[in-house]
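Some notes on the structure that comes next.
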Amino acid sequence: MKNLLRALPILVSSAVLGASSLAAQAAGLAGAPAPFDQGGVKVALVSLISQGDFFQAYQTGAERQARALGINLRLFPGNDDPAAERDAIQQAINLGVKAIIIDHGFPSSIDDLAQQAVAAGIKVVAFDVNLNNPKIPQVEQSDHDLASLVLGQALKDDGTSFTAGLIYVAGFAPLDRRNAVWVDVKKANPGIHQVAQWGTANSPVATNVADQTAAVFRAHPDISVIFAPWDEFARGANLAVDENKLNGKVKIYSADISTPDILAMTAPGSAWVATAATNPAVVGEVSVRAAALLLAGQDPGHEILVQPALVTQELLLKNNIKTIGDLAEKVPAFAGSPAASAAWIPVPRS
Ligand code: SR1
């Protein structure tokens, strides 16, 4: 009973929030420009990758911002299949959506459809996929800064001479941008010897990468630093370190963060010592706001950057951070982003 009483305000406020967002959909947002003054604006979110914490949180953030704007957001998961993503974009066009947000993808399989959508007057926003069209804004997590932050920490922790392994799959825009920074770091520090590169984007990524990493450790027992610029890669490498009892010998530097990642980074003796990341839910919010600005005839800018922050194991442990929510309380970059905002766009509540 006590628990029910405690939960009541939350239940009531979610009911009120739910009701008010439904009302926003039906009646539109007071004081907002067209078409948001009417409500029920149809927008599609088409994703390539459907696995992993990052993409789930991104979608949650997009849905949250859509509710706040009274947008009717249609989700089209690509289930890691470029052909399915292409079909989804076609379906969204056929459905008559006013805007399409394309979350990852390979330009070769979707570029022509994205251009068709723009030509048909549909607004398109791209997250982490390079669709070369000045009318398509590109959302990204400032991947250059992200990689520089975490690799700067590696140089600080490990010096400029060490034996390294790289987990990387070419072809994904954010991974390519992060790898370019790694290439520069190696050039500037000839004492860094990369002895192996591996990785896969095939599901389940972390488990597959764990198996690959175990094999790499057998061939290269001298690896002391791993650069794993996707948290699914880092999770796999971390599992392999634990299974092979290499804790204390290998350090992992990554991108991204989630509550399960925080748990893994703060486990006793964890090899996962640092990551650089945004809050993916915030990136989802920014993507929807960019689409809303375009629909309202306002300019969100062409390159929309969500700034990442460095998160070390030390910071997490020192501040007793256990969840993304805890992190957002300590590091403002995880609570929200000023990117693609306007006075008429409501800030969603998490
Ligand atoms: C396969 S690409 C994976 C990356 O996409 C997003 O940019 C996330 O940061 C993740 O690391």
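The values are calculated or read from the model by the stated rules, or taken from the named source; none is laboratory data. Owing to the predicted nature of the structure, the values given are computational and were not obtained by experimental measurement. Cβ sites come from the backbone with ideal geometry, for glycine too, and all protein chains shown count toward neighbours. For accessibility, only protein heavy atoms count, side chains too; no ligands or nucleic acids. Shrake-Rupley method; radii C 1.70, N 1.55, O 1.52, S 1.80 Å.
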Inset, instruction - Evaluate the stretch 262-269: report whether one residue or more is within 15 Å of the ligand (Cβ to nearest atom) and either over 30 Å from residue 197 (Cβ atoms) or open to solvent by 60 Å² or more (accessible area, probe 1.4 Å) (or both). - result: no
Legend entry - Unmet requirement for residue 89, which otherwise passes all of (1) open to solvent by less than 30 Å² (accessible area, probe 1.4 Å); (2) farther than 10 Å from residue 46 by Cβ: (2)
Inset, instruction - Can you run down the residue pairs with Cβ atoms below 6 Å, 6 or more apart or on separate chains, where the first is in the stretch 156-178 and within 16 Å of residue 130 (Cβ to Cβ) and the partner is outside any loop (DSSP other than H, G, I, E, B)? - result: 174/143; 177/143; 178/143; 178/147
Inset, instruction - Look through 314, 285 and report the one residue that is out of contact with any Pro (no Cβ under 7 Å at 6 or more places or on another chain) and in a helix (DSSP H, G or I). - result: 314
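Take residue 247 and decide whether it is under 25 Å from residue 323 (Cβ atoms), crowded, with 22+ Cβ neighbours inside 10 Å and either aliphatic (A, V, I, L, M) or at pLDDT 95 or above (or both).
So residue 247 does not fit the description; no.
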Legend entry - Single residue of 301, 297 found to be on the phi > 0 side of the Ramachandran plot, open to solvent by 50 Å² or more (accessible area, probe 1.4 Å) and assigned to a loop (DSSP other than H, G, I, E, B): 297
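When you scan the stretch 104-142, how many residues do you find that are among the acidic types (Asp, Glu) and closer than 17 Å to residue 300 by Cα? Break it down stepwise before answering.
First pass over the stretch 104-142, keeping only residues among the acidic types (Asp, Glu): 111-112, 128, 140.
The next check asks that each one be closer than 17 Å to residue 300 by Cα; those that pass are 128, 140.
Within the stretch 104-142, residues that are among the acidic types (Asp, Glu) and closer than 17 Å to residue 300 by Cα number 2.
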Inset, instruction - Find all pairs meeting these conditions: Cβ atoms under 7 angstrom apart; at least six residues apart or on different chains; first residue within the stretch 15-42 and aromatic (Phe, Trp, Tyr) and surrounded by 11 or more Cβ atoms within 10 Å (Cβ to Cβ); second residue at pLDDT 90 or above and outside any loop (DSSP other than H, G, I, E, B). - result: 36/69; 36/292
Legend entry - Only one of 225, 216 that is more than 16 Å from the ligand (Cβ to nearest atom), modelled with pLDDT of 95 or more and open to solvent by 10 Å² or more (accessible area, probe 1.4 Å): 216
Inset, instruction - Say whether the condition of being open to solvent by 60 Å² or more (accessible area, probe 1.4 Å), of a type in the set (S, T, N, Q), under 21 Å from the mean Cα position of the chain (by Cα) and over 16 Å from residue 127 (Cβ atoms) is met by at least one residue in the stretch 100-116. - result: no
Inset, instruction - Considering (1) in contact (Cβ under 8 Å) with a residue 12 or more places away in the chain; (2) of a type in the set (A, V, I, L, M); (3) open to solvent by less than 60 Å² (accessible area, probe 1.4 Å), say which one residue 75 fails and leave the rest. - result: (3)
Inset, instruction - Identify all residues within the stretch 125-162 that are away from the ligand (no atom under 16 Å from the Cβ) and among the acidic types (Asp, Glu); write none if there are none. - result: 157, 158
Inset, instruction - Can you tell me which residue among 165, 191 is away from the ligand (no atom under 12 Å from the Cβ) and more than 16 Å from residue 254 (Cβ to Cβ)? - result: 191
